[in-house]
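Rule-based calculations on the coordinates, nothing more; no lab input. Please read these numbers as outputs of a predicted model, since none were measured by experiment. Cβ sites come from the backbone with ideal geometry, for glycine too, and all protein chains shown count toward neighbours.
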């Protein structure tokens, strides 16, 4: 009796599977000839139909940020699709607000070019370039964080604002059948234009971080593109409050190296949170910046100091230390970098101290 019931169910499942395969093949191969892609009403491209907008733009040297590499999970690759994009997909709605939907904002990785398309993108994206680089240094900072340095080969120099990020191309290997891009904040001094440094934390089973930590070699040629992002040092005289944890050190380090290079005398406090002493890094470098910039103070704190750490510094969550030391933040600016939960807690804390939300700049690391 059970077998008689299972046979029809199996037949239906098999038919649905075959139909799904046919639809995928039809979507990929049938009915899509060359299409016209109009960008900002002043640039027309003739492009193959049936391809995602994000990858089509990339193949025409127009780079849109996409931390997840076009897999629809980061929500960064937003553009305005004015004509020809069809209806918004369910895969896009978690990342696009109602107001953005009214303004024709879409995720470019989810929009396929099926007909002539008219889009609008930020003009700054036309300044983004692709760079050929060579890995010149891979250095362990902690048990799960590495500093990776790249020599710029073509072009020979890169210009970026301290705090911005680039996208690193990870080649095909065991965990990915095709190259993918991942976003990483630049950790180096922006005045050193021929070299770029990234600070990359290993995420278990992460496609990009596993490649960097387990496979990447000195001397390897790597492509990257950028720079991107509106998280960068503002040119004001306001007091700065910087808070970071883990690999969130990267953009803050770039900001501080830039300040040291230019002998920037703005008052700046940097709170860095780690779990145990083995998770702290670049402490000596930051103490050196303290000596160079008398208005800069670095405060590392451990939330779970281990036996044998011999730690006599601050302990507790980084937000607890900042809460204790900051009385009035109404005239200050904040630069925050770390995981989303930490960022949200910091924003709430700073607003409670009187800081206007417009003065809070952050980069959430997923």
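Using mean Cβ contacts within 10 Å as the protection proxy, how do 125-137, 306-318 order, highest first?
Final packing ranking: 125-137, 306-318.
What whole number of Å gives the distance from the Cα centroid of the range 273-342 to the Cα centroid of the range 105-140?
After rounding, the separation between the Cα centres reads 34 Å.
Please figure out what share of the DSSP beta bridges in the chain is antiparallel and state it in percent, rounded to the nearest 5.
If I count the DSSP bridges inside the chain, around 60 percent turn out antiparallel.
In degrees between 0 and 90, to the nearest 10, how far off the longest principal axis of the chain does helix 249-261 point, with axes built from Cα atoms?
Helix 249-261 sits at roughly 50 degrees to that axis.
Would you mind calculating the gained length between residue 344 and residue 97 on full extension (0.36 nm times residue separation, minus the Cα-Cα distance), in nm to one decimal?
Working: separation 247, 0.36 × 247 = 88.92 nm, distance 1.88 nm.
Working it through step by step, the gained length comes to 87.0 nm.
May I ask you to compute the full-extension gain from residue 238 to residue 157, defined as 0.36 nm times their residue separation minus their alpha-carbon distance, rounded to one decimal in nm?
Taking 0.36 nm per residue and subtracting the Cα distance, the gain is 26.1 nm.
Percent relative contact order of the range 90-165, based on C-alpha pairs within less than 8 angstrom and at least six residues apart?
Answer for the range 90-165 is 19 percent.
So how much slack lies between residue 51 and residue 325, counting 0.36 nm per residue of separation and subtracting their Cα-Cα distance, in nm?
The span from residue 51 to residue 325 would gain 93.3 nm if fully extended.
Only helical DSSP H runs with n ≥ 4 go in: add -39500 (n - 2.57) per run for the chain, normalise by residue count and round the 222 nm mean residue ellipticity to 500 deg cm²/dmol.
-7500 deg cm²/dmol
Cα centroid distance between the range 167-205 and the range 32-88, in Å?
23
Taking the simple approach of a point 7 Å from Cα along Cα-to-Cβ for both residue 309 and residue 127, what is their distance in nm?
Taking the two extended label points, one gets 4.2 nm.
Could you work out the relative contact order of the chain, using alpha carbon pairs under 8 angstrom and six or more residues apart, expressed as a whole percent?
After rounding, I find 12 percent.
How long, wide and thick is the range 303-366, going by the Cα atoms along their three principal axes, in whole angstroms, largest first?
43, 29, 13
Hey, what angle do you get for helix 340-352 against the long axis of the chain, alpha-carbon based, 0 to 90 degrees rounded to 10?
50
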